[in-house]
Amino acid sequence: MIDVLFLPKRISQQEVCVVIDVLRATSTIVTALANGAKCVIPARTVAQAKRMKVGNVLICGERGGVKPNGFDLGNSPTEYFGVRGKEIVLTTTNGTKAISMINAQVIYAACFLNLRQIVKRLSGHMDVTLICSGQDGKVAYEDALCAGAIVHELGRDELTDAAKMAKELWEIHEKGDLLGALLRAEHAQELIKYGFSEDVSFCAQKDLYDTVPIFSKDRFVAE
Ligand code: MLT
C-alpha cells in the first residue's frame, strides 16, 4: 500500500518512509549530498545546531526563511555547491521537524531534484509512506504535488485515498511546466517576496541529481 500524509505526524513501526519538503529542506539536503557533503545532520533548534559547530561542520538552515545569526549557510539549495567533504548540520522550520517525527526502518529524503532515483529505490517496496512536511501546520501544495508525482511514477494500484488525491493533483500538472505549478504554492510566493525566487526555480528542476539521501542513525548520507 502506498500512503501519503499531507502533514507530518509521529509515526513508528513503518518499513519505508519518504520525507518531502520541496521548498526547501529536502531540496537542500539532496543538493548538499549531490555536491559532495559527507552528511546532513538534522537539528531541532538553532541552539542545538550551534552546539554542534566543530572543525569540519557547517551549521546551516533558516528561521522565518532566513539564515540565523552565526550560521554558515542558509536554506537556499544553491548555497550548497561548495560543500565537498563538509558535515552539514541543518535546522529548518518544518522539514527537519518532520524528519524528527519519523521512526522507520528506512527513511529517504525526496524532492523534484531526485524524483527518478527515489522512484527507482521505492519500486522494490510494497508499503511506503510519503510524508509531506507542510508549512507551519498547513498542507503545502508543493509537497503534495511531489508526493503525487512519486505515486504516479510508481504506477501501483494499492493506494490510500490520500495517495490517490496526491496522484490526481500531479496528473493535472504532469504535462505542463513544473515551475508554473510550484508558483501556485503559498510558500513559493512567500519565498519570492523575501527575494528567494531563484530557489523556487532551482527546486522546480526534475531529476537534476541521482542522489538519494538515506537516514542512518542521526544523519542523511548519500545511499
Ligand atoms: C522548512 O523546513 O520550513 C522550509 O525548508 C522553509 C524554507 O523555505 O526555508
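Hey, any hits in the stretch 14-36 for a residue that's surrounded by fewer than 18 Cβ atoms within 10 Å (Cβ to Cβ) and either touching a residue at least 60 places away in the same chain (Cβ under 8 Å) or in a helix (DSSP H, G or I) (or both)?
yes
How many residues does the stretch 170-194 contain that are under 24 Å from Val66 (Cβ atoms) and either touching a residue at least 12 places away in the same chain (Cβ under 8 Å) or away from the ligand (no atom under 16 Å from the Cβ) (or both)?
Of the residues in that region, 11 qualify.
So which residues in the stretch 56-71 are among the small types (Gly, Ala, Ser), open to solvent by 50 Å² or more (accessible area, probe 1.4 Å) and in contact with a strand residue (DSSP E or B) (Cβ under 9 Å, 6 or more places away or on another chain), if there are any at all?
Result: Gly70, single match.
If I ask for residues that are in a helix (DSSP H, G or I) and open to solvent by less than 30 Å² (accessible area, probe 1.4 Å), which ones from the stretch 79-118 would you list?
The answer is Tyr80, Gly95, Thr96, Ala98, Ile99, Phe112, Leu113, Asn114, Leu115, Gln117, Ile118.
Kindly provide the set of residues from the stretch 195-223 that are exposed (fewer than 13 other Cβ atoms within 10 Å of the Cβ) and within 16 Å of the ligand (Cβ to nearest atom), ordered by number.
The one that is exposed (fewer than 13 other Cβ atoms within 10 Å of the Cβ) and within 16 Å of the ligand (Cβ to nearest atom): Gly195.
Within the stretch 64-122, take every residue that is within 11 Å of the ligand (Cβ to nearest atom), free of Cβ contacts under 8 Å to residues at least 60 places away in the same chain and of a type in the set (Ser, Thr, Tyr) and give me the one that is farthest from Asp210 (Cα to Cα).
So the residue we want is Thr93.
Out of curiosity, is Ser133 among the hydroxyl-bearing types (Ser, Thr, Tyr) and either modelled with pLDDT under 95 or out of contact with any strand residue (DSSP E or B) (no Cβ under 7 Å at 6 or more places or on another chain) (or both)?
Criteria not met by Ser133.
For the stretch 39-53, check the following and say yes or no: at least one residue is under 18 Å from Leu191 (Cα atoms), open to solvent by 20 Å² or more (accessible area, probe 1.4 Å) and within 18 Å of the chain's Cα centre (by Cα).
There is no residue in the stretch 39-53 that is under 18 Å from Leu191 (Cα atoms), open to solvent by 20 Å² or more (accessible area, probe 1.4 Å) and within 18 Å of the chain's Cα centre (by Cα).
The values are calculated or read from the model by the stated rules, or taken from the named source; none is laboratory data. Computed from a prediction, not measured in an experiment: that's the story for all the values here. For neighbour counting, all protein chains shown are included, and Cβ atoms are generated from backbone atoms with ideal geometry for every residue, glycine included. Each accessible area value is taken on the protein alone, full model and side chains, heavy atoms only, with ligands, DNA and RNA left out. Shrake-Rupley method; radii C 1.70, N 1.55, O 1.52, S 1.80 Å.
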